[in-house]
1. Beyond 21 Å, what share of the Cα-Cα pairs of the range B:3-230 remains, rounded to the nearest whole percent?
2. Under 1.5 on a/c is rounded, so check that first for the range A:109-213, then, if it is not, pick prolate when a/b is larger than b/c and oblate when it is not; a ≥ b ≥ c are the square roots of the alpha carbon gyration tensor eigenvalues.
3. Nearest 20 debye, what's the magnitude of the dipole of the protein assembly as shown about its Cα centre given +1 on Lys and Arg Cβ and -1 on Asp and Glu Cβ?
4. Report the relative contact order of chain A, percent, no decimals, based on alpha-carbon pairs under 8 angstrom and at least 6 residues apart.
5. Using only Cα atoms, find the angle between the long axis of helix B:59-87 and the longest principal axis of chain B, and express it within 0 to 90 degrees, rounded to the nearest 10.
6. Most mobile of A:Ile32, A:Ile17, A:Ile139 per a Gaussian network model of chain A (Cα springs, under 10 Å)?
7. For a bin width of 5 Å, list the pair-distance distribution of the range A:20-98 built from all Cα-Cα distances, rounded to whole %.
8. Test of understanding: in a Gaussian network model of chain A with alpha carbons linked when under 10 Å, which of A:Phe157, A:Phe62, A:Phe73 would top the mean-square fluctuation ranking?
Amino acid sequence: MNLLFVSAVIICLFVLIFVIKFEKGLSRWLGISALISLSWALYSIIFIAKLDRFQSVPQKIFYIHVPSAWISFVAFFLVFIFSLKYLYTSRSRDDLLANSFAEVGVFFNTLVLITGPIWAKPIWGVWWTWDARLTTSLILWLLYVAYLMLRSYIDDFERRARLSAILGIFSFLNVPIVHYSVLWWRTLHPAPVVIRSGGMSDLPMSMHIALWSSCFSVVVLFIYLVRKRYKIGKFINLKEF
Amino acid sequence: MSKNFKLYISVILAVARKDLRMELRNKEMIPLMLIFALVVSLIFGFLDLSFGNIGERNMDLYSGVFWISILFASILGFSRSAMIEKEAGGLVQFLSIPVDSSAVFFGKLIPNVLFLFSIQLSVYFFIIVFFRAPVSERYILLILTSSISIIGIAAVGTFFSTLSAKTNLREIFLPILMFPILIPLIIASIKSTSLLFNNKGWEEVIDWVKLIMVYDLVSITLASILFEKLLDE
């Protein structure tokens, strides 16, 4: 336990030095605050949040699994918005933003699909099951991975932007299906605990602290990653022309 | 009947007629799709051999075999249909007519649907004869339900085959695009087909058929609206 703690602190220090040395301006502040809020979130998840009565320790994956899922839905919604915007304006900035949101969204969705089975194995006894929520989440992941693959298989800039905008619009159809799948079908995956009427008061305060700190840190990390990806994309576009 | 509407219908019929006439003259796609579907169902049917007559107790296996063969054959059909357009210059001559581009989409959709309709009966016969699948009493309902699903498969396939024809990987990319989107339709189709193989009544099947119909409506609407953006060249 001690070794884990010490190595985590050392890694954090390295990342902190990296961020302070190589980032400028807003990215520096975002990077530092992402690091600090992630550390605080981790501390609150491990030490502040009370143990769940039935699931005990594995329930704590909830604090990573759920905010990642939320932010990936937001990311894919933004892909939808900027895809529509690109089809309307044909500006490369909109296409680049859509791509950045898609990449970071796929990253967080992958986290969801990894932490989910890790949580499921001790609780349900299986790594995976084909209920509506898990199936539609896997489809969502596949759709946006296909989006990223489509972008890599087209060289012409205008065609790539237009076709991936179309795929971004088509794929967003799945996001509300994923969210409402637990309400429309009987699933093994639990129905929404927090996002429902009266849900906020069901959770004890300690869990709220952990959940919302984790959510905040995930949002800050998301913004940091998207900005980074956008800048890299702008640089690549410049080099291509 | 306004003039615009007549023009719209005539564009749809012209595009559809072109592909159907090509197929009637060359007779290359339907036999190819049919043989491919039968070969695929043959290989999947060997699951029956290895599990020892599991099929007689589990109708899902036969519906699964049927739908996998139809899906793989449809990939062939859609890729070929999109490549024809790409080689011939990309439907430019139809774009110059002042109609909504969704007419071209429906014109491509009709031959794709008809090709798949024409092979589904043969695949059913093959599965019934070679794998001892039961001849369902509700065979009319069975064919009707699978026809409705095929319309949905063709809508998504037509749209994405045109999209993937414009990438570097051409038609190889089509399954990666198409299959995740088709998964809800496939689940509903397999369930409804297996219920009908089991001679279950309309009341049990109707839920899945409703899902198929909603999926068809949504996919056809979305594809016809977005098709115009695909052809912007």
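We did not get these values from a lab; they are worked out from the coordinates using the rules stated. Every value quoted in this text rests on a predicted model; they were computed, and no experiment measured them. Cβ sites come from the backbone with ideal geometry, for glycine too, and all protein chains shown count toward neighbours.
1. On the way: 14510 of 25878 pairs.
The answer is 56 percent, as a whole percent.
2. On the way: a/c = 2.26, a/b = 1.93, b/c = 1.17.
Cα axes put the range A:109-213 in the prolate bin.
3. For this selection, approximately 1020 debye.
4. Numbers: 237 pairs, mean separation 74.9, N = 241.
Over chain A, the number comes to 31 percent.
5. Rounded to the nearest ten degrees, it is 20.
6. A:Ile17
7. Histogram of Cα-Cα distances, whole percents per bin: 3, 13, 12, 13, 15, 16, 12, 8, 5, 3, 1.
8. A:Phe157
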